[in-house]
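These notes are about the structure you will find just below.
The values are calculated or read from the model by the stated rules, or taken from the named source; none is laboratory data. Just so you know, these numbers come straight off a predicted model, no measurement behind them. Methodologically, a virtual Cβ is constructed for each residue, glycine included, from the backbone with ideal geometry; neighbour enumeration extends over all protein chains shown. Surface areas here come from the heavy atoms of the whole protein model, side chains and all, with no ligands, DNA or RNA. Shrake-Rupley method; radii C 1.70, N 1.55, O 1.52, S 1.80 Å.
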Amino acid sequence: MSQEYFLEVRGLKKYFEADRASLFSREPRFVHAVDDVSFNLNRGEVIALVGESGCGKSTLSLLLMGLEDPTAGSIMFDGRDITHLNDHERKSLRRKIQMVFQDPYESLNPTQTIEEIINEPLLVHGIAKDKKERSGRVIKAMEDAGLKPAEVYLNRFPHELSGGQRQRVVIAAALVLEPEILLADEPVSMLDVSIRAEIINLLAELRITRQIAVIFITHDLGSVGFFADRVAVMYLGRIVEIGAVLEILESPQHPYTKALLSVIPVPNPRLRHERIILQGETPNPIDLPTGCRFHPRCPLAMDACTSNDPPFITLSKTHQAACLLLK
Ligand code: SF4
């Protein structure tokens, strides 16, 4: 494996059994939560996974964490196949790939002090030879997460902290294991607008100071601009477009990406674009449209789109070129 792609996801699928088509049917139907997703991640790189609720981005993060077993496809991490792991292997993987959850209020145990919360992963994974070493690691993780001086926070409880400070505790509890990838699932969506930028700045700093790769999962394409290196746009379980962040923001190719970008608020009226309001609801992931799954809502849909599905788009290929392949 090349050094640059230390995470390689190929053809990843996760189908959940849902129900049967009718009372008399024996055939189960499936929710196509993640459906043939491929991407690479470089060491220290930030990739944003963007899409509406239900597009599969959170299921994808659970697959990467080993918390769900894929239906098909493969995940290679640092040259090792981690697609299907036993409990022991999965535990050691968790040291390397840590998750930052959306809700800092729910992800912290209210009965533990901040020191106990951040120390716990070290005990679970049996890291550090004694209390002194654990204490040093806890303080370093807290300070790297912006909780300085750490001594001020060690004996406090989560309810004594602000929302931003709690999310820093969640990040410190991930950092204490010295992970190589942080999977941040909507890490700022529960926070006040005033502190969202602080947490995004912190993640941006960590990728430089600790060379951590970040998979930043968000429904808000507007929040990825200065932070991510690349963006992958997901729709109904698929990546429909992937590329360098500035190129995607300035020159989106896929009609779905264009629609997402068109509704981002822009303060300067001269820079505002015409809003593209997609018609209809997102289709049922159990009963996907034939052909391109975006065709019922696509302003550019052609007849061929109802029977053929284009490959996802990189910026070396315009969407028009991909669509021409349909003919
Ligand atoms: Fe729209 Fe057709 Fe392209 Fe799908 S393949 S995004 S329906 S133009």
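Taking only region 280-291 into account, find how many residues are open to solvent by 80 Å² or more (accessible area, probe 1.4 Å) and either within 6 Å of the ligand (Cβ to nearest atom) or at pLDDT below 90 (or both). Before you say what the answer is, go through the steps one by one.
Within region 280-291, the first condition is being open to solvent by 80 Å² or more (accessible area, probe 1.4 Å), and the residues that meet it are 281, 287, 290.
Adding the requirement that they be either within 6 Å of the ligand (Cβ to nearest atom) or at pLDDT below 90 (or both) leaves 281, 287.
Looking only at that region, the number is 2.
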**Report entry** Candidate set from region 292-301 (those that are more than 6 Å from the ligand (Cβ to nearest atom) and open to solvent by 60 Å² or more (accessible area, probe 1.4 Å)); member that is modelled with the highest pLDDT
**Finding:** Pro296
Query raised in the report: In region 87-107, is there at least one residue being buried (at least 22 other Cβ atoms within 10 Å of the Cβ) and at pLDDT below 90?
Result: yes
**Report entry** Test set (1) within 28 Å of Val170 (Cβ to Cβ); (2) open to solvent by less than 70 Å² (accessible area, probe 1.4 Å); (3) acidic (Asp, Glu); (4) in contact (Cβ under 8 Å) with a residue 24 or more places away in the chain - Asp78 fails condition number
**Finding:** (2)
Query raised in the report: Just to be sure, is Gln253 in contact with a Gly (Cβ under 6 Å, 6 or more places away or on another chain), open to solvent by 20 Å² or more (accessible area, probe 1.4 Å), touching a residue at least 12 places away in the same chain (Cβ under 8 Å) and part of a loop (DSSP other than H, G, I, E, B)?
Result: no
Report summary line: The correct count of residues that are assigned to a loop (DSSP other than H, G, I, E, B) and either touching a Ser or Thr at 6+ places or on another chain (Cβ under 7 Å) or polar (S, T, N, Q) (or both) in region 191-247 is 4
Report task. Considering each of Phe216, Phe226 in turn, give the residue that is at pLDDT 90 or above, closer than 30 Å to Ile181 by Cβ and within 17 Å of the chain's Cα centre (by Cα). Result -> Phe216
Query raised in the report: Can you tell me which residue in region 302-317 is modelled with the lowest pLDDT, limited to those that are of a type outside the set (A, V, I, L, M) and under 25 Å from the mean Cα position of the chain (by Cα)?
Result: Ser316
Query raised in the report: Pairs under 8 Å by beta carbon, first residue more than 14 Å from Leu154 (Cβ to Cβ) in region 101-130, partner assigned to a loop (DSSP other than H, G, I, E, B) and modelled with pLDDT of 90 or more, six or more apart or different chains?
Result: Pro110/Phe157; Thr111/Phe157; Pro121/Val176; Pro121/Leu177; Leu122/Val176; Leu122/Leu177; His125/Leu177; Ile127/Leu177
Report summary line: Leu221 passes all but one of the listed conditions (1) away from the ligand (no atom under 16 Å from the Cβ); (2) of a type in the set (A, V, I, L, M); (3) at pLDDT 85 or above; the exception is number (3)
